[in-house]
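The values are calculated or read from the model by the stated rules, or taken from the named source; none is laboratory data. These numbers were taken from a predicted model, which means no experiment stands behind them. Because the Cβ atoms are built from the backbone with ideal geometry, glycine has one as well, and the counts that use them run over all protein chains shown. Calculation scope for accessible area: heavy atoms of the full protein, side chains included, ligands and nucleic acids excluded. Shrake-Rupley method; radii C 1.70, N 1.55, O 1.52, S 1.80 Å.
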Amino acid sequence: MLINLRTLHNPTTRDEAVMLLNKPGVKPLYGGALVRENAKETEEAVDLSALGLNRVQVEGDILVIGSTTTLETVREFCLTINSVIAAALAEIIRAEYPLTLRNVMTPGDVITEARGNSLLLTFFAAIGNRASLEKQGNLIIARRVMLDTPDQDCGFSFEKVARTPADAPIVGAVAWVEGAQERVAVCGLMQAPAVYTFGMPSQIADYLGSAEYRTEMAKIVARRALERATAMAGQLGQ
């Protein structure tokens, strides 16, 4: 809980929110992240709920995900779209967050938290320039994702190594295959999810796993994810 919060701003325009977020130490409230992360250190915050950023919609071939939309709303909307990317988003969101968190967490939370073992951020790294971030100053407006169409030969998969199936990854991989193009991104090797080159050494070593362990696990999960993504693309392309 925000037990040390002293000032809560409630801007009604994006320009006002940007101005407030430029002040040192001021934290954005996109949804539920501050309840979990660094909440005790937050003394001044900006409530972004009045800015109309809680929408998810398709504009042409672009999925526009507002930064204060709950992850569960995003997941449910993606299930209505005939797109491999939309299906991937829905599956990864469900796998990464329990319903209690999906109902409060938002894309803005995920981006500002920037957890190095986030499968969702790893997925965005894997799809490359199909994903982009819309910002105004320090204010995150939306995540924009270019959708594939039913006639495109696409596939995805993700794998992880974790203490239990419900835990966040120690090492994770997301593969995206589009025609002859293959791309794998991993988490758990660097401080942030990154595009993977097979054999890439880990720069992280902690109580969950040594650098050597993470390096070897990345090879395994990346290979498995790529094999499954390639198989999916082949089936859809028939």
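Here are the numbers for this structure:
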{"item": "Residue in segment 215-233 that is in a loop (DSSP other than H, G, I, E, B), more than 15 Å from residue 157 (Cα to Cα) and open to solvent by 80 Å² or more (accessible area, probe 1.4 Å) present", "result": "no"}
{"item": "Residue match in segment 146-157 (condition: under 23 Å from residue 27 (Cα atoms) and touching a Phe, Trp or Tyr at 6+ places or on another chain (Cβ under 8 Å))", "result": "no"}
{"item": "Single residue of 188, 155, 179 found to be farther than 24 Å from residue 206 by Cα and either aromatic (Phe, Trp, Tyr) or in contact (Cβ under 8 Å) with a residue 60 or more places away in the chain (or both)", "result": "155"}
{"item": "Per-region count, segment 132-149, residues of a type outside the set (D, E, K, R), under 18 Å from residue 16 (Cβ atoms), surrounded by fewer than 21 Cβ atoms within 10 Å (Cβ to Cβ) and touching a strand residue (DSSP E or B) at 6+ places or on another chain (Cβ under 8 Å)", "result": "2"}
{"item": "Residues of segment 193-214 that turn out to be in a loop (DSSP other than H, G, I, E, B), over 23 Å from residue 178 (Cβ atoms) and touching a residue at least 12 places away in the same chain (Cβ under 8 Å), as a count", "result": "6"}
{"item": "Total residues in segment 107-131, condition among the hydrophobic types (A, V, I, L, M, F, W, C), in a helix (DSSP H, G or I) and either modelled with pLDDT under 95 or open to solvent by 20 Å² or more (accessible area, probe 1.4 Å) (or both)", "result": "5"}
{"item": "Condition met for residue 58 (surrounded by fewer than 18 Cβ atoms within 10 Å (Cβ to Cβ), modelled with pLDDT of 95 or more and within 16 Å of residue 147 (Cα to Cα))", "result": "yes"}
{"item": "Given (1) out of contact with any Leu (no Cβ under 6 Å at 6 or more places or on another chain); (2) open to solvent by less than 40 Å² (accessible area, probe 1.4 Å); (3) in a loop (DSSP other than H, G, I, E, B), index of the condition residue 104 fails", "result": "(2)"}
{"item": "Any pair with Cβ under 8 angstrom, 6 or more apart, that starts in segment 85-105 at a residue that is among the aromatic types (Phe, Trp, Tyr) and ends at one that is surrounded by 19 or more Cβ atoms within 10 Å (Cβ to Cβ) and part of a helix (DSSP H, G or I)", "result": "97/71"}
{"item": "Filter result for the condition that a residue is part of a helix (DSSP H, G or I) and modelled with pLDDT of 95 or more, over 134, 159, 76", "result": "76"}
{"item": "Subset of segment 82-100 [open to solvent by less than 40 Å² (accessible area, probe 1.4 Å), out of contact with any strand residue (DSSP E or B) (no Cβ under 7 Å at 6 or more places or on another chain) and not aromatic (Phe, Trp, Tyr)]", "result": "83, 89, 90, 93, 96"}
{"item": "Close pairs from segment 48-60: first touching a residue at least 12 places away in the same chain (Cβ under 8 Å), partner charged (D, E, K, R) and outside any strand (DSSP E or B), Cβ under 6 Å, at least 6 apart", "result": "51/14"}
{"item": "Residue 52, sole failed condition from (1) out of contact with any Leu (no Cβ under 7 Å at 6 or more places or on another chain); (2) open to solvent by 10 Å² or more (accessible area, probe 1.4 Å); (3) on the phi < 0 side of the Ramachandran plot", "result": "(3)"}
{"item": "Whichever residue in segment 190-214 is aliphatic (A, V, I, L, M) and touching a strand residue (DSSP E or B) at 6+ places or on another chain (Cβ under 7 Å) and, among such residues, is surrounded by the fewest Cβ atoms within 10 Å (Cβ to Cβ)", "result": "195"}
{"item": "Residue ID - farthest from residue 100 (Cα to Cα), chosen from residues in segment 6-35 that are polar (S, T, N, Q) and open to solvent by 60 Å² or more (accessible area, probe 1.4 Å)", "result": "22"}
